[in-house]
Structures are given as C-alpha cells and as structure tokens.
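A quick write-up on the structure given underneath.
The values are calculated or read from the model by the stated rules, or taken from the named source; none is laboratory data. In this text, all values refer to a predicted model and were calculated from it rather than measured experimentally. Please note: Cβ atoms are built from the backbone with ideal geometry, for glycine as well, and neighbour counts cover all protein chains shown.
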Amino acid sequence: MKLTKAKRDQYRKLAKQQGYRSRAAFKLLQLNKSYKIIKKSDKVVEFGCAPGGWIQVVSQIVGQSGFVLGLDLKEISPLAGTRFIKGSIDDPQLTHILLETIGSGDKFDVVLSDMSPNVSGIWEIDHERQISLTKYALNVSTKVLERGGNAVYKIFQGASTKTFVSEFSEHFALVKLSKPPASRQESSELYLVCLSFKE
Ligand SMILES: C[S@@+](CC[C@H](N)C(=O)[O-])C[C@H]1O[C@@H](n2cnc3c(N)ncnc32)[C@H](O)[C@@H]1O
C-alpha cells in the first residue's frame, strides 16, 4: 500500500472513531491548531460545508455561545446547534441572506471556504473553476466579515496562485499558504489562511 493511501485511510479511520462526518475535519483541526483562526463564542460561516466535518469542528470550538452557519449546493443532515442554507456562493442575494440569518446587524468573526467544483479531470479547467468559486467567496467575505476577523480559503494550486495571494493580502493583515498534514500530498489543494480582515 502506498504511503499516501495509508495516510488517507488513517484519517478516514480516525474520523469514524471520533464521529466526524469527513476526514476533512482533521485539516481544519490542524489549521486551527497552527493559526488560532477560530475561538470560543465566534460567529462562523462555512462555504461548501457538505457533509459537515468542518461544521462539527467549528461547533465544538465556538460552543453554545457561538453561531455556526453552513452553505452548500447539497443538503446536509442537520447538526444540532448549527444552521444551514442550501444555495450557491454565486447567488447575488447571498450576502443579504447571510446577514439576515445572523441578524441584529451582526457580522461574522470567521469565514471558511472549502469549496471544490465537480472535477472534470482536466487540470487547467478544474483549477480555474475552483479559483472562480474562491473569488466569489472573497467577494462575499468582504461584506459579511467583521473587521479584524479571520478566514480560510481552499485553493487549487496553479498559475493564478501568486496573483491570488496578493489579491487576498489587500484585504487581510496576514496571508499564509498552508498544506495541513491531513491534506493528501498528491492533491493540489492548499489553504490560504487569512488573519485580521482590514476591509
Ligand atoms: C470538499 S467538500 C467540503 C467538505 C466539508 N468542508 C467537510 O468538512 O465536510 C466541497 C463542497 O463544495 C461544495 N460546492 C461546490 N460548488 C459550490 C457552490 N457554487 N456553492 C456552494 N458550495 C459549493 C460541494 O457541493 C461540496 O460539498
């Protein structure tokens, strides 16, 4: 068995043992351990949340005093103490819907985006599709994120990675590219960890 497959199986097994819906949960746990992105009582929204592994992790961190909202094209089985919206990141009404859902004139402390397009297998196309989803995520973030808030965006590594990092740096005080150990080495995914939203 190849090492990468062994690692994938190890996280799948761990997810099952610990009651997480996806092994993706470990990527967020590892990112949060390194960068302290989410804290107790935070209000958090995740774009591309199905089946809900990250939402489970967020929910444990923020506790009952926090607020957790997930968005996805696909329905998810309900998770106690969290909210869910079935919809798309490119819905022109999304900003309005998110702000209405959180209510009281509030904004989010943290935005997470783990979106992946339906992969075609043609790398350039998949890369561009994923980047386009993340651009929508950044655009919505600038309207729903509290000043000083944090964010994480999955990106597929490729030609536009560099420009992308500088684009995000205009909005956040600190932007780091990270590949958590739970992310498969053979996958081109990377995470942009963005701290302290400036506007
Ligand atoms: C890798 S999965 C997310 C896994 C999730 N973070 C977890 O921990 O379980 C990527 C998700 O992005 C969603 N997605 C793709 N395009 C989207 C769009 N336009 N709007 C919202 N979600 C989208 C997919 O439906 C899919 O569920």
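What to note about this one:
- Some residue of the range 48-59 being more than 10 Å from the ligand (Cβ to nearest atom) and among the β-branched types (Val, Ile, Thr): no
- Identity of the residue in the range 27-47, in a strand (DSSP E or B) and of a type outside the set (A, V, I, L, M, F, W, C), that ends up farthest from the ligand (Cβ to nearest atom): 43
- The set of residues from the range 41-83 being farther than 19 Å from residue 106 by Cα and small (Gly, Ala, Ser) comprises 48, 50, 52, 53, 77, 80.
- Within this structure, residue 138 fails the test of being surrounded by 15 or more Cβ atoms within 10 Å (Cβ to Cβ), away from the ligand (no atom under 14 Å from the Cβ) and either among the acidic types (Asp, Glu) or not in a strand (DSSP E or B) (or both).
- Scanning the range 143-175 for residues that are at pLDDT below 95 and basic (Lys, Arg) yields one hit, 162.
- Answer residue from the range 55-113, given it is of a type in the set (Ser, Thr, Tyr) and in a loop (DSSP other than H, G, I, E, B) and is nearest to residue 134 (Cα to Cα) among those: 88
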